[in-house]
Each structure stands twice: as structure tokens, then as C-alpha cells.
1. Would you check which residues across region 408-435 are assigned to a helix (DSSP H, G or I) and touching a strand residue (DSSP E or B) at 6+ places or on another chain (Cβ under 6 Å) and list them?
2. Which residue, of 99, 119, is surrounded by fewer than 20 Cβ atoms within 10 Å (Cβ to Cβ) and farther than 30 Å from residue 457 by Cα?
3. Determine which member of the set 380, 339, 334 is modelled with pLDDT under 90, within 23 Å of the chain's Cα centre (by Cα) and either of a type in the set (Gly, Ala, Ser) or not assigned by TED's automatic domain parsing to the domain that holds residue 465 (or both).
4. Would you confirm whether any residue within region 73-82 is modelled with pLDDT of 95 or more, in contact with a Phe, Trp or Tyr (Cβ under 7 Å, 6 or more places away or on another chain) and in the same structural domain as residue 272 (by TED's automatic domain parsing)?
5. Filter region 155-185 down to the residues that are within 19 Å of residue 325 (Cβ to Cβ) and either of a type in the set (D, E, K, R) or part of a loop (DSSP other than H, G, I, E, B) (or both) and list them by number.
6. Is region 356-365 home to any residue that is among the acidic types (Asp, Glu), over 28 Å from residue 179 (Cα atoms), modelled with pLDDT under 95 and not in a helix (DSSP H, G or I)?
7. Collect the residues in region 194-210 that are within 23 Å of the chain's Cα centre (by Cα) and either without any contact (Cβ under 8 Å) to a residue 24 or more places away in the chain or surrounded by fewer than 20 Cβ atoms within 10 Å (Cβ to Cβ) (or both), keeping them in residue-number order.
8. Please tell me if residue 278 is in the same structural domain as residue 99 (by TED's automatic domain parsing), in a helix (DSSP H, G or I) and at pLDDT 90 or above.
Amino acid sequence: AATAELNKLQPNEDSIRNSITITNAKANSVANTIMYLERSGLPLKELEKMSIIHVAGTKGKGSTCALVESILREYGARTGFFSSPHLLSTNERIRINGEPLAKHKFTHYFWKVYNRLLESREHDKDMPTFFMFLTTLGFHVFHAEKVDVLVLEVGMGGELDCTNIVPNVRTVGITSLALEHTQLLGNTLEQIAWQKAGIIKPDSNVFTHVTQPECLEIIYKRAAERNAQVIQVLDTQHYLESNLYAEYLDSFNEYVRLNGALAIALAKDWLRQTKGPLQQLQLDDSKMVSKVLRALLNTHWPGRCQLVAYQNMRVHLDGAHTVESMRVCCEWFAKSITASKNNPKILVFNRTGETDVTGLLQELQRTCPFDMVCFVPNVASTEPIDPSQTTVFCGAEKQIKRAHVIAQSWQKLCESNQVPNQAQVYNNVWDAFNGVRKRYPLNVELDVLITGSIHLLGAAISGLNMFRPLEEEAAKKQQEQSQQQQQQQQLESKDKGRSESIS
């Protein structure tokens, strides 16, 4: 019930279109978030007492935050972690000590905050948007749960993001940058960098592995305006090889190789600045390797370079949605299938919004010749879905139309590259998996890549979970039929033996 009510706060297409301008975006984010936070009973000054690590970026900000949280938890800190979007359930966005907020607690806090806002509204539409509400809710949870540190992931951009109301942040991270959400953030890398650097606070330490000179110039300029210090972090591969982690390099997940050095730098900075009861957590460089190593190896961040086994399928899940992140995803997939080159390769893809997907599709076509390509909306099936999987702002019908547009782009690339077009549009993930099942029997091993959208991964996992009981039931029936056939054959054999003995 809480999640269904929350979904009513999701913006529709008209409200998104009306908030495209920077002026409207600001009016609808930072100022309003502060207003709703105060109305909900949590004064902004209470956030000043919280110890926060704030992270922005185009690629890798979620996995960087997950790694930072894991390291600090390894040191004994009670951690809070706010992230977006969720994969399967809304409560994944708010984590305490690495675990999604328990559903009964999520429900408790939700209605407490929601009812206060409902009672204090000045008119019918005077409620926060979906993400603004979740941000407000998150701050309530982390304040009430008395976390030692909050690892806070920016939702979109930085300067105008709802999370950018936090007044007292000493440790800031900016991950890799690329063009994204250009209608809201700007059409150039410089404009994107300006937005991301908006989370820099006075006298903070800003850690980044941004490499583009034009972006670094903006970051340094904005930091200087706020008397903040910028620290450029070494390339992760170089960092891990040059320290005591080299022998474990092959054991790390792909996102550790990409963002591990930045995460370590952020965690170390927070530990060095820790005061009060957490003084005992002060960093000892000579002893840090084992703790950090455990944290890096144990961090689980679903939907990012994730490999799961499902019956005869090796399912590769990655939410890559920019050309750069898709390139990393494709490299990971190509490396993963090295030992199974003869397996059929299947692609399941979706990308919502009006962004040109040609660059993403080009990266995918360069990876390997896919034997089957499925373009689908972020919908598990035609059955009623978990409210956490509901996306109001981009309905299934519009997504299917978008899938056909993507399929046309794929066809043009196939014609240009003179390769067969194996693509087909499906109404949902369930139908796509049915298509796979019809084409390939269970005794054929398959390599599947699902990518393009985090929301698609959630739908795919839901689809696989729905398939499991049905396939188990089908396997059970098949086994029963086989046993019946064997029994029938045995009876016929006995009858034949009796007939021969009588004759």
C-alpha cells in the first residue's frame, strides 16, 4: 500500500516536459526539498549534525558509493546509504549497514512522513515528487536510525538535485562524466561538469577520476570558489597494481576495477576526518589493506557487471546506458564468453527516453555476432506487477513504440555492417524469454546479455523469477509423462511376453 501510494507521486510526461528548463528544475528540486523536509518535521539544521559523503557523476557513482559504504562498515561504522534507482523493490534505495531498509520499517517511516506532508499541504497538488519524497524519507530514516555516516548518491546532476540540500559535507566524490540527460543538465561536457560540481561544499575535499581537461577545469574552478581542495585519483588499475592488492586483481568485480581507487580515497578521507566516539576508527595505513580488501571482495552491487546462472543460461546483467559504460559492459561480456564462444549469444535491450541509441547499438554489434536480439519494454509480463516495478512517466505502450524505433536503428546498422538482422520486438520480458525457449531447448547452453536500463534488469529478474515455478512445473510434468511412458512400455512388454508364451 505504501509503494502504491508513493507511485502516485511519480511525474508524468507533461510534468517532466514542464520542468525541462533550468529555472523550473531549481524551483522543483532544492528549494522544495528543503520546504518539504521542514514540513515533515525534520529541520534542515538537523542534517548539519550528520556526517555525509556525497557522490555525483555520470558513470559508476552507485557502485562507488556501494564500495565506500562497504569499506566503512568493515571498519565498524554504522552506515546509511541512499541510492537510485532501485532494481526490484523501492526499499533498496535506503540501506542501513548494507541491508535494504526492512519492509515493515519502510512502511512505518513512509506513513509517518507521508501523513505529515498530507496534513500540511496548502492545496491538492502540494506534495513532493517521487524522488523528492524518497530523499525526504531517506533523511528521516538515517536521522532516526542514528547512522555514523551517510553515503549519499546524487539522483541526477548535482547542483539542482534533491540531495543537494545537505549543508555540511567534508568529503565529496565525482565519478566519470559523459553526456546524459542533456535536456536538464546541458548539451556539453562543460555544462555537465558544472552541474556535477554543484555538490562541492565550502572547505571540502573533492576526489575525482574525471580525465577530460575541459571537465577538470570546471571542477577546479567551482572548488576554488568554495575554498575546496581537488584531489585527482589514480587510475584504479594502476592504483591496485601499485599497492598490495595486485595479487587479488583477477578476483575483483568489474566495478571494483573501475571505481575501487576512488572509493578507497573517499573512505580514507572520511576516516581521517572522523571525530568523537568514532576516533577509534582512525585509519592506520599499515593495517588497512586487509579490511579494505575484504570490503572490496564482499561488495555486492546488483545489476552492474553481474553474472547469474539460470538453468541453461549464463545471464549477464548490466545497466549501461551511456556509450562509455556500454563499452565497458561489452568488454566485460566479451571477456566472460571467451571460454564459451560456441554458445548461442542472446541480447535483451531497452533504453527509454528520446536519447539516440545508435552509439550504444554500435558498441553491442562490435562485441560479437548475436544469434538472437530482443528489444523489449521494461515490463516483466502481462500479469499484475509489484508496485515497485511501476513506472508512471513512461508507460508500456510508449516503451513498445520506442522498442520498434530501436529495432529500426539496429536494422540500419546491420545493413551498414552487412550482417544478418536477428532482432525482434517483444511486448514484455516474459514474451522474450518464451521466444528464447522456443528457439533453443534446455540442453543448449546460452550466453545472455541484458542491458540498456536498470529498470529493464529489474523486469528481467522478475521475469526469470516468474519463469522458475512454471518451468519447474513443466519439468515435473515432463518427468511424470516419461515415467508413465516407461510404465506403459513395461506393461506392453509383459503383455507381449505372455502372448508369446501362450502361443
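The values are calculated or read from the model by the stated rules, or taken from the named source; none is laboratory data. Because the structure is predicted, anything quoted here is derived from the model rather than measured. Here the Cβ positions follow ideal geometry from the backbone for every residue, glycine too, while neighbour counts run over all protein chains shown.
1. To start, the set of residues in region 408-435 that are assigned to a helix (DSSP H, G or I) comprises 408-417, 429-435.
Across region 408-435, the qualifying residues are 410, 432.
2. Values: 99 fails: farther than 30 Å from residue 457 by Cα.
Every option except 119 fails the conditions.
3. Values: 339 fails: within 23 Å of the chain's Cα centre (by Cα); 334 fails: modelled with pLDDT under 90.
380 is the lone residue from the list that is modelled with pLDDT under 90, within 23 Å of the chain's Cα centre (by Cα) and either of a type in the set (Gly, Ala, Ser) or not assigned by TED's automatic domain parsing to the domain that holds residue 465 (or both).
4. Yes: region 73-82 contains one or more residues that are modelled with pLDDT of 95 or more, in contact with a Phe, Trp or Tyr (Cβ under 7 Å, 6 or more places away or on another chain) and in the same structural domain as residue 272 (by TED's automatic domain parsing).
5. Of everything in region 155-185, those that are within 19 Å of residue 325 (Cβ to Cβ) and either of a type in the set (D, E, K, R) or part of a loop (DSSP other than H, G, I, E, B) (or both) turn out to be 155, 156, 157, 158, 175, 177, 178, 179, 180, 181.
6. Taking region 356-365 first, the residues among the acidic types (Asp, Glu) are 356, 363.
Subset that is over 28 Å from residue 179 (Cα atoms): none.
Checking region 356-365: not a single residue is among the acidic types (Asp, Glu), over 28 Å from residue 179 (Cα atoms), modelled with pLDDT under 95 and not in a helix (DSSP H, G or I).
7. So in region 194-210, the residues within 23 Å of the chain's Cα centre (by Cα) come out as 195-199, 207-210.
Within region 194-210, just 198 meets the criteria.
8. On the way: in the same structural domain as residue 99 (by TED's automatic domain parsing): yes; in a helix (DSSP H, G or I): yes; at pLDDT 90 or above: no.
Here the answer is no, as residue 278 does not meet what is asked.
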